[in-house]
1. Looking only at residues that are among the hydroxyl-bearing types (Ser, Thr, Tyr) and in contact with a Ser or Thr (Cβ under 9 Å, 6 or more places away or on another chain) in region 126-173, which one is farthest from Ala195 (Cα to Cα)?
2. Looking at (1) closer than 19 Å to Ile214 by Cβ; (2) part of a loop (DSSP other than H, G, I, E, B), find the lone condition where Gln163 falls short.
3. Of the residues Glu113, Glu86, Glu107, Glu129, which is surrounded by fewer than 16 Cβ atoms within 10 Å (Cβ to Cβ) and either touching a residue at least 40 places away in the same chain (Cβ under 8 Å) or under 20 Å from Ala221 (Cβ atoms) (or both)?
4. Among the listed residues Val120, Val92, which satisfies the condition of being in a helix (DSSP H, G or I) and touching a Leu at 6+ places or on another chain (Cβ under 7 Å)?
5. Which of the residues spanning region 17-33 are out of contact with any strand residue (DSSP E or B) (no Cβ under 9 Å at 6 or more places or on another chain) and farther than 20 Å from Gly136 by Cα?
6. Looking at (1) touching a strand residue (DSSP E or B) at 6+ places or on another chain (Cβ under 9 Å); (2) part of a loop (DSSP other than H, G, I, E, B); (3) among the small types (Gly, Ala, Ser), which one does Ala109 not meet, given that it meets all the others?
7. Within region 105-130, which residues are in contact with an Asp or Glu (Cβ under 6 Å, 6 or more places away or on another chain) and either basic (Lys, Arg) or under 16 Å from Leu89 (Cα atoms) (or both)?
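The values are calculated or read from the model by the stated rules, or taken from the named source; none is laboratory data. Since this is a predicted model, take the numbers as computed values, not measurements. Cβ: placed from backbone, ideal geometry, glycine included. Neighbour counts: every protein chain shown.
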Amino acid sequence: MLDPTSLYQYEPHIDPRTLRPKAMVLTLGAFIDAGHVQRQIDAHLLEILPNHVVARFDADQLLDYRGNRPPIMFDRDHFADYERPEITLHHVLDADGVPFLLLNGPEPALQWERMAAAVVHLADTFDVEQVISLQGVPMAVPHTRPVSMTRHASNVDLIPGNQPVFGSMRMGASLPALISVRLTEAGLNSVGLAAHVPPYLAEADYPDAAMALIDSLGLHAGLNLPTGALEDKAKKIAGQIEQAVAQDTDLQEMVANLEERHDQVVQALGEAPDLDEDLPTPDELGAAAEAFLQSLGEDQD
């Protein structure tokens with residue numbers, strides 16, 4: 001494997017020896033970002049908190065542009081405004097001035113082991129207390145109930161009170177999952193938080209899930225992370241959701257079924273039900289998502 005530290009370059013004014021971040025947060029895109037939670041978390045934290053770029057990764061070595069083509073503008077007779085994808089390490093201060101790192105950008109398609117080794121090296125170099133990954137996953141849950149989460153960690157002591165709802169399963173890997181494995185092997189603390197997003201909202205902004213992840217991040221990392229702007233957005237989206245549900249009997253039935261199943265799970269008291277059981281079919285999810293997204297477009301016109 002090539003030197004993982006050559007994958008990134010510190011900004012000219014940065015001396016890594018002077019930085020003492022408390023934690024490293026990962027919002028690297030995984031195979032899905034249900035509810036657009038990673039995008040919302042990035043935008044929110046980098047807008048409301050003081051921050052600057054520490055290092056940039058060489059995206060040309062990590063991304064498959066043909067698999068996920070970056071946008072470019074064709075303007076009458078020429079091309080312009082190419083949006084170069086970036087994988088960036090930010091230094092951020094929470095509301096109390098406590099520093100942490102945020103690594104964000106698209107999930108690399110290439111050189112996973114080298115990228116994972118680079119993250120391990122950065123975590124070790126900065127001596128962070130833990131590396132915490134955040135994402136949203138579609139789950140058979142309704143928007144009318146509090147946001148639930150799946151948690152995992154290199155040590156169960158890092159996620160006290162966790163109540164797993166899944167047993168063992170074989171699944172396709174993501175880069176954040178591999179990073180978690182490599183951090184654990186290196187003896188470093190790793191935590192993963194995945195917010196459950198209603199399936200009919202997986203392709204829409206769902207700020208409730210983003211807020212839940214930020215709140216959970218604050219608790220796990222000991223950071224003060226305000227969510228006021230997201231709360232305002234969540235109230236607006238909630239109104240749009242209720243309007244969409246009120247106008248669609250199929251969506252009403254789906255939400256009612258998900259509510260019943262969710263409440264049964266909550267009352268199961270220690271059991272570990274399979275939350276994928278009785279998940280609506282892809283056609284049902286697609287129709288519900290399309291109806292909801294269309295209603296959003298109508299509201300914004």
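1. As a first pass, look at region 126-173 and keep what is among the hydroxyl-bearing types (Ser, Thr, Tyr): 133, 144, 148, 150, 154, 168.
So of that shortlist, the ones also in contact with a Ser or Thr (Cβ under 9 Å, 6 or more places away or on another chain) come out as 133, 154.
Details: Ser133: 11, Ser154: 18 Å.
If we take residues in region 126-173 being among the hydroxyl-bearing types (Ser, Thr, Tyr) and in contact with a Ser or Thr (Cβ under 9 Å, 6 or more places away or on another chain), then Ser154 is farthest from Ala195 (Cα to Cα).
2. All conditions are met except number (1).
3. On the way: Glu86 fails: either touching a residue at least 40 places away in the same chain (Cβ under 8 Å) or under 20 Å from Ala221 (Cβ atoms) (or both); Glu107 fails: surrounded by fewer than 16 Cβ atoms within 10 Å (Cβ to Cβ); Glu129 fails: surrounded by fewer than 16 Cβ atoms within 10 Å (Cβ to Cβ).
Going through Glu113, Glu86, Glu107, Glu129 in turn, just one is surrounded by fewer than 16 Cβ atoms within 10 Å (Cβ to Cβ) and either touching a residue at least 40 places away in the same chain (Cβ under 8 Å) or under 20 Å from Ala221 (Cβ atoms) (or both): Glu113.
4. Details: Val92 fails: in a helix (DSSP H, G or I).
Step by step, each of Val120, Val92 is checked, and only Val120 is in a helix (DSSP H, G or I) and touching a Leu at 6+ places or on another chain (Cβ under 7 Å).
5. Step one: filter region 17-33 for residues out of contact with any strand residue (DSSP E or B) (no Cβ under 9 Å at 6 or more places or on another chain), giving 17-18, 31.
Correct list: Arg17, Thr18.
6. (1)
7. Here is the first cut: in region 105-130, the residues in contact with an Asp or Glu (Cβ under 6 Å, 6 or more places away or on another chain) are 105, 109.
Result: Gly105, single match.
This table checks each residue for (1) closer than 27 Å to Glu129 by Cα; (2) modelled with pLDDT of 95 or more; (3) outside any loop (DSSP other than H, G, I, E, B).
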residue: Ser6; (1), (2), (3): yes, yes, yes
residue: Gln9; (1), (2), (3): yes, yes, yes
residue: Val25; (1), (2), (3): yes, yes, yes
residue: Gln40; (1), (2), (3): yes, yes, yes
residue: Glu47; (1), (2), (3): yes, yes, yes
residue: His52; (1), (2), (3): yes, yes, yes
residue: Ala55; (1), (2), (3): yes, yes, yes
residue: Gln61; (1), (2), (3): no, yes, yes
residue: Glu83; (1), (2), (3): no, yes, no
